Every structure is written in structure tokens, then in C-alpha cells.
1. I want to check the label-to-label distance for residue 386 and residue 350. Put each point 7 Å from Cα in the C-beta direction and report it in nm to one decimal.
2. Take each of the peptides 261-270, 304-313, 229-238, average the number of other beta-carbon atoms within 10 Å over its residues, and list them starting from the highest.
3. Ranking request for peptides 326-336, 24-34: highest mean number of other beta-carbon atoms within 10 Å first, then the rest in descending order.
4. What's the extension gain from residue 19 to residue 273 if we count 0.36 nm per residue and subtract their Cα-Cα distance?
5. Please report Rg over Rh for region 293-357, where both radii come from the alpha carbon positions and Rh follows the Kirkwood definition.
6. Please report the spacing between the Cα centers of region 178-247 and region 16-31 in Å, no decimals.
7. Can you give the accessible area of residue 348 in Å² (nearest 10), computed on protein heavy atoms with a 1.4 Å probe?
8. Can you give the FRET efficiency for residue 165 and residue 255, using 1/(1 + (r/R0)^6), R0 = 35 Å, r = Cβ-Cβ distance, to the nearest 0.05?
Amino acid sequence: MKSQKFELLDRSAFSALTLHQKNDYLQKLTACYMQANGRSPIELSREALSRLRRFYSRRSLADLKLEKMADREMANALFRVADAVGRGDLEKRIESEIPPTSELRAPPIDDDQLMFFVPNIHDAPIKDDINVMDVAPFSLSKTKRKGRIRYDLKDCSITVTGGSECGMANAYDYDIFINMVSYLAEEMRSYRIARKKGRSPSLPPKVYCPTASQVLKFCRRGNGGRQYTELEAALDRLQDTRIKITNFKPGARRETETFSLIDRYKVLSRTTSDRIDHIEIVIPDWVYHGIVSDDGRASILTLNPDYFLIKKPTARFIYRLARKAAGQDQAHYSLKDLYHRSGTSLPFHKFRSAVVGIVDRTASEQFPDYDLELLSGRESPVLRISRRCEAAVDELPEAKGNKTGSVVQTDFVKSRTSIPFS
């Protein structure tokens with residue numbers, strides 16, 4: 001939003017307007033904001049206008065009472081600072097009230113902005129554990145889901161169970177798990193570098209202590225009150241979600257292992273507005289030992305940072321499966337197999353329609369790292385997942401997966417694409 005195009009009214013001037021004038025002013029302000037960002041103006045709903053009126057009336061700029069300050073030079077300096085802050089806050093609020101015009105989720109306004117006191121984990125490659133990438137270890141539903149999901153695969157059986165009170169973790173809750181794995185991977189990388197330089201560092205701790213704002217920043221989310229409330233609820237679901245794996249490999253003793261996505265968590269502090277602030281997350285053994293390994297071969301894969309901008313849970317599931325199975329090459333999955341691996345509660349025809357929609361949108365909205373194509377199959381269409389060559393130009397060679405989804409457990413460097421997908 002540029003001041004030379006549209007000046008903000010102060011709170012007293014805004015309060016003096018009639019209801020109709022306030023709504024008209026906010027509509028024009030929103031139109032100016034959208035045009036400045038290369039988007040077509042859109043009409044706000046009555047509810048959105050009501051929320052914007054309440055927000056505008058209590059902007060912090062007026063609370064400074066600068067008109068009563070004796071030092072006019074200081075008052076003018078504070079006015080310029082507060083005005084800049086007020087504009088930024090208002091832009092975020094306007095953005096939150098604009099209804100989506102596409103399936104894409106735009107990154108947060110300050111997504112590329114320098115953020116002080118954010119640890120190195122914000123710039124670390126986005127990691128996911130390879131052991132749970134063949135299936136969806138979370139619910140694809142946006143609503144609360146109880147009960148369990150069972151996956152019967154060729155060499156193992158996987159059961160995902162949600163808690164009776166909180167339900168099962170969903171695709172967005174899983175972002176916190178990825179944040180935890182990425183933190184541990186970055187700590188282990190720093191440990192190995194220190195060892196090579198002849199130092200004697202300590203192994204990474206099993207306790208991860210981020211702030212809520214650092215987690216939200218890493219996961220490319222906004223920092224409104226709703227995000228903080230959802231973050232705490234997500235931690236509850238992650239702790240209550242348990243995964244059980246039974247190994248069916250021929251010639252090997254059948255083993256069953258059960259674990260949770262996070263061991264436990266604690267809210268160490270809250271803000272004055274009772275928002276969750278500092279968090280302590282205990283990393284479960286199966287994650288810790290998979291990354292903190294003596295041979296240096298961590299069982300993780302690097303995800304594209306735009307993974308967090310993928311809006312639909314089904315599309316997120318497909319990307320994770322592509323990352324594990326296709327690697328730098330190609331993989332094929334029948335929609336029947338894909339349906340089974342997704343664990344969705346949707347009937348097959350609706351799941352098929354959702355996948356067709358995702359593939360169709362790749363014509364205009366590039367899917368991160370991979371091209372998707374539906375081919376004819378015997379029982380159902382087949383999804384072909386192909387790595388885009390241009391996305392891998394700056395990457396180191398990595399193990400190629402075959403068409404059945406097997407891949408060598410190793411670590412990869414990150415890549416970026418410029419366009420998110422939903």
C-alpha cells in the first residue's frame with residue numbers, strides 16, 4: 001500500500017464518518033491495496049467490513065496521544081514509526097478479509113522479511129522423515145477425525161490412531177513435526193561440521209525449545225491470534241496421534257513398533273494476552289535415532305519450502321509421496337493404490353475427482369518440483385509423477401526411486417520453485 005496513492009485517515013477522522021462513508025472508505029482502501037499488489041479489486045462482505053471498522057477504530061497510532069507531547073520533534077518521529085506499523089497491521093488485516101480468488105494460499109506478507117532473533121532453523125532445509133512418507137501419517141480431513149487408519153502395504157502394515165478427545169493430527173498439524181525434524185537435522189549438520197574442524201561438540205539434545213512465532217515463521221504462516229490458538233491445539237493432536245508399524249519382510253522376524261509423532265510438549269510461557277509463547281517439545285526416540293546416527297545417513301528427505309503453501313491436504317499427500325517415490329526420476333501410482341495410501345474418509349469417486357482437479361490445475365499452477373499426469377489404467381487411471389529437470393539443476397545427485405516407490409535412505413539438499421500449489 002503506497003501512501004501517495006491513498007492516505008490513511010487518523011482514528012478521529014475515521015470515527016467522524018457515517019457508517020456508509022466508513023464502508024465506502026474501506027472498500028476504496030481495499031481496492032487500492034489490491035491494485036498495488038497487481039490484483040483485481042473485489043467487493044468486501046458486510047461481515048468483513050464490520051471487522052475492518054472495529055480494527056480501524058482501535059489502531060495503536062491514535063493510542064500514542066502524540067498531540068499532547070511537548071517535544072514536537074520526538075512526536076513527529078514517533079508518528080512516522082507508528083504510522084508505518086499501523087499501515088503494516090492494516091495491510092495484514094485487509095489481506096485476511098479478502099476472499100480467496102484461487103486455490104492458492106499466498107505466503108504471509110512478511111514471508112521474506114528479515115526477522116531478528118530467529119534461530120538458524122528458519123533457513124534450514126525443510127526435512128521430513130522417510131519412514132512415514134509412503135502413506136499419509138495424518139488425517140486428510142480438515143475436521144476432527146477419531147478412530148484409526150490402517151494401511152496394508154507389501155512389506156508392512158501401518159496403523160494411525162487418533163486420541164479420543166483431540167482426534168487425529170491433520171496435514172497442517174504435521175507442519176510442526178516437519179519443523180521439529182528440520183531443527184534436529186540442522187543441529188546434527190552443525191555437529192558434524194564441528195567434528196570435522198577438530199572440535200568436541202555435544203550431540204543435539206532431545207528437547208526442542210522454539211517460540212510459537214518461530215514455528216509459525218518456519219511453516220510460512222501468519223502470526224494472528226487464530227494461528228496461535230491452532231498451534232496449541234495442533235500440539236495436542238500430534239501428541240495423541242500414534243503410529244503402529246508391523247514388519248512383513250520375508251525371512252525376518254516380524255516386529256511391531258508403536259510411537260507418537262511427538263513424545264510430549266510443555267508450554268513454558270505465555271504472553272500477556274494468554275497466547276502460547278515458548279514451547280518445549282520432546283523429540284521421540286524413533287525420530288531422534290533416525291537422524292542422530294553414527295554413520296551419518298539420516299532417514300530424511302528435503303522438501304521444497306513451498307510445501308507449506310500447498311493448500312489442499314490431498315495435494316500435500318501427493319507431494320510427499322512424490323518426494324519419496326520419484327526422487328529425481330519418475331513414479332506411477334494407480335488411483336486405487338493412491339486412494340488406499342491416502343487413508344481418506346472420502347468415497348473413491350470424490351477422491352478421484354479431487355486428484356483430477358489437482359492434476360488439471362498444474363496446467364496453470366506449477367506443482368512444486370514435479371509434473372503430474374493422469375494416464376489410462378486397467379482398473380483405474382494411473383498418476384505419473386515426473387521430476388522436472390530444471391528444478392534439479394543446482395542439486396547434488398541423489399538416489400533415484402523406482403516405480404514401486406523404493407528409495408535409498410539418504411539426505412538431500414533443498415530446491416526451490418517460485419510458484420506454490422494447492
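The values are calculated or read from the model by the stated rules, or taken from the named source; none is laboratory data. Not measured: the values here are computed from a predicted model. Backbone-built Cβ (ideal geometry, glycine too); neighbour counts: all protein chains shown. Note: areas computed on protein heavy atoms with side chains; ligands, DNA, RNA excluded. Shrake-Rupley method; radii C 1.70, N 1.55, O 1.52, S 1.80 Å.
1. Those two pseudo-labels are separated by 3.3 nm.
2. Details: 261-270: 15.9, 304-313: 20.9, 229-238: 18.9.
Per-residue mean Cβ counts within 10 Å order the peptides as 304-313, 229-238, 261-270.
3. By packing density, highest mean first, the sequence is 326-336, 24-34.
4. The span from residue 19 to residue 273 would gain 88.4 nm if fully extended.
5. Reported Rg/Rh, Kirkwood definition of Rh: 1.04.
6. Between the Cα centres of region 178-247 and region 16-31 lies a distance of 44 Å.
7. 50
8. Computed FRET efficiency for residue 165 and residue 255 comes out at 0.70.
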